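Structure record follows, encoded as structure tokens.
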Amino acid sequence: MQPAGQGRVPAADPLRHGHMPVTHCRPLLMGHGVRFLQFALVGLSGVVVNTVLLYCLVGFAAWPHVPAAACSSEAAMLSNFLLNDRWTFRDAAPGAQWCGRLLRYNAVALGGVAISLGVLSALTTLAGVYYLLANLVGILAGTLWNYGVNVLVTWHVRAADPAGMPLSATVEG
């Protein structure tokens, strides 16, 4: 038996009481599911650009791996922006200027690059991990940052429920 005033949260209004059961998270996740999948596929193409350029700069041009990774990351960022802008987010931020989106995307992606390079450097220097493998782990680490911030800052996308209605992130208390 529960003390007076501390009964169960009514099933019809879980958000009002600050609780969000898993069943209420599903629409939020589904609102970004397809777009995140597209973002991930574009990201995979960027991984190919990044890895091939990194391999060439280190293997053929004898660059140190960290500066080579920085250069290959920028090339991949530009490639990813072009593909994301034309495919993943083609319906987002229609009034925003292309150059402005590019600058915002690049600024956000630099945070992802900092994460990627930090992981690459730590794994190669401290743990002796092969640089190409360490680079892939770094890219994975930066992906969530890049998606999460870019949907808000670059393309101004909010999650929608399956019916296409925007979801509010606020909870009344």
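The values are calculated or read from the model by the stated rules, or taken from the named source; none is laboratory data. In this text, all values refer to a predicted model and were calculated from it rather than measured experimentally. Please note: Cβ atoms are built from the backbone with ideal geometry, for glycine as well, and neighbour counts cover all protein chains shown.
What are the residues in the stretch 53-63 that are assigned to a helix (DSSP H, G or I) and free of Cβ contacts under 8 Å to residues at least 24 places away in the same chain, if any? Hits for the stretch 53-63 are 53, 56, 57, 59.
Of 101, 90, all but one fail to be among the basic types (Lys, Arg) and surrounded by fewer than 19 Cβ atoms within 10 Å (Cβ to Cβ); the exception is 90.
Considering the conditions (1) modelled with pLDDT of 90 or more; (2) under 20 Å from residue 48 (Cα atoms); (3) of a type in the set (A, V, I, L, M, F, W, C); (4) in a helix (DSSP H, G or I), residue 129 is excluded by exactly one of them, (4). Taken together, 66, 48 contain a single residue that is free of Cβ contacts under 8 Å to residues at least 24 places away in the same chain, closer than 17 Å to residue 137 by Cα and over 13 Å from the mean Cα position of the chain (by Cα), which is 48.
Part of a loop (DSSP other than H, G, I, E, B) and over 13 Å from the mean Cα position of the chain (by Cα): does that describe residue 122? It is false that residue 122 is part of a loop (DSSP other than H, G, I, E, B) and over 13 Å from the mean Cα position of the chain (by Cα).
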